[in-house]
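First comes the structure, then the notes that go with it.
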Amino acid sequence: MRLWLNRTGEVSLREQLVTQVVLAILCKELQPGQRLPSTRDLARRFSIHANTASAAYRELERDAWLEFRHGSGVFVRASQPGTRLSPQIAAEFVVDRLIGELVAKARKQGANETLLRARLHRWLALEPPSRWLVIEPDAELCRIVIHEMSQALKMPIAGCTPGECARRENLEGSMPVVLPSKAAAVRKLLPAGTELTTLQVHPVAPELQTYLQRYLPEHAGELIGIASRWSEFQRIGRTMLVAAGLAPESLLVRDPTKPGWKRGLDATSGVVCDTVTAGELPAGVFPMRFLLLDEASLVPLKEMEAMLAGEAVEERV
């Protein structure tokens, strides 16, 4: 029986010993009825305390992998644990069996224990991501981007600042995305090898253009509102509407972060707003939503989600 014990890791020697005996049984390195070394021999051979070896053997006996024969020693049981085990142990058994088969096949191909450990660690580190991560220093802009993404995507979406994205723990299980203006700076902060998706934006959303083309000829003299927590949106919206021919005095700019921001909006013909603010407008107010993200830039993200979902389904088959 071959063992490799990591004396500097977080997993106890007893647990390592138990796991490797189970794997040896599952990959047929240890055959049913085969006699194992005594606790004293095991302790001496692998330089571990006899109590550690004894505790591992007792656990393996309790879980029905080994049996003690009085006066003869410790033997691999003739039959492996079955459905009588608890659901948790049964699930562990299935996983252990699969790992045992993997180890057996890898050894037949000449792979040693060091290579096996290294490759297993690598694949575990490549666990499929479970969320999107918007990297954006402006909290309100980040909120808008997350809201627009959530309308098209299924996975959870979180946000963080560029400074926070430099910490690896914040990136674990995430697929980072960024707006074009921040892409170069964020790439310098990310750990080497981290993939970063740049979202595309359009200066004037087609939907808003349609609204303006329909409204301006007949409503050029009416009151038009602009509302967003993102201050840059307020500036861009005002500049765009003035350039389109509206008089500055016919524009009512509101900041939802301030008290009483809804006052007067019910007197407008419509309010140019981001998608978050659109859901917070007073009842009866007509929202002219400004979509920040180009829909085409979300297509690769949808495809990535579909691929990950496909892998998950395939693994369950």
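The values are calculated or read from the model by the stated rules, or taken from the named source; none is laboratory data. Just so it is clear, the model here is predicted, and its values are computed rather than measured. A quick note on method: Cβ atoms are made from the backbone with ideal geometry, for glycine too, and the neighbour counts reach across all protein chains shown. Surface accessibility is based on the protein's heavy atoms, side chains included, excluding ligands, DNA and RNA. Shrake-Rupley method; radii C 1.70, N 1.55, O 1.52, S 1.80 Å.
With respect to (1) surrounded by 12 or more Cβ atoms within 10 Å (Cβ to Cβ); (2) at pLDDT below 80; (3) not in a helix (DSSP H, G or I), the lone exception for TRP132 is condition (2).
Kindly indicate whether GLY159 is at positive phi and touching a residue at least 24 places away in the same chain (Cβ under 8 Å). No: the conditions fail for GLY159.
Taking first residues from segment 25-50 that are at positive phi and partners that are loosely packed, with under 13 Cβ neighbours inside 10 Å, the Cβ contacts under 7 Å between residues at least 6 apart in sequence or on separate chains come to GLY33/ALA78.
The single condition among (1) assigned to a helix (DSSP H, G or I); (2) of a type in the set (A, V, I, L, M, F, W, C); (3) closer than 29 Å to ARG254 by Cα that VAL285 does not satisfy is (1).
Can you tell me which residue within segment 224-274, out of those that are in a helix (DSSP H, G or I) and among the polar types (S, T, N, Q), is farthest from the chain's Cα centre (by Cα)?
Looking only at segment 224-274, we keep the residues that are in a helix (DSSP H, G or I), and these are 231-243, 248-250, 265-267.
Now restrict to residues that are among the polar types (S, T, N, Q): 231, 234, 239, 250.
Working: SER231: 31, GLN234: 33, THR239: 39, SER250: 46 Å.
Only one residue tops the list, namely SER250.
Quickly run through segment 4-32 and pick out the residues that are among the β-branched types (Val, Ile, Thr) and either at pLDDT 80 or above or open to solvent by less than 20 Å² (accessible area, probe 1.4 Å) (or both). Break it down stepwise before answering.
Of the residues in segment 4-32, the ones among the β-branched types (Val, Ile, Thr) are 8, 11, 18-19, 21-22, 25.
Within segment 4-32, VAL18, THR19, VAL21, VAL22, ILE25 qualify.
Can you find a residue in segment 166-189 that is under 27 Å from THR277 (Cα atoms), open to solvent by 50 Å² or more (accessible area, probe 1.4 Å) and among the acidic types (Asp, Glu)? No: segment 166-189 contains no residue that is under 27 Å from THR277 (Cα atoms), open to solvent by 50 Å² or more (accessible area, probe 1.4 Å) and among the acidic types (Asp, Glu). If the condition is being part of a helix (DSSP H, G or I), at pLDDT below 70 and either touching a His at 6+ places or on another chain (Cβ under 9 Å) or open to solvent by less than 60 Å² (accessible area, probe 1.4 Å) (or both), then segment 86-121 contributes ILE89, ALA90, ALA91, PHE93.
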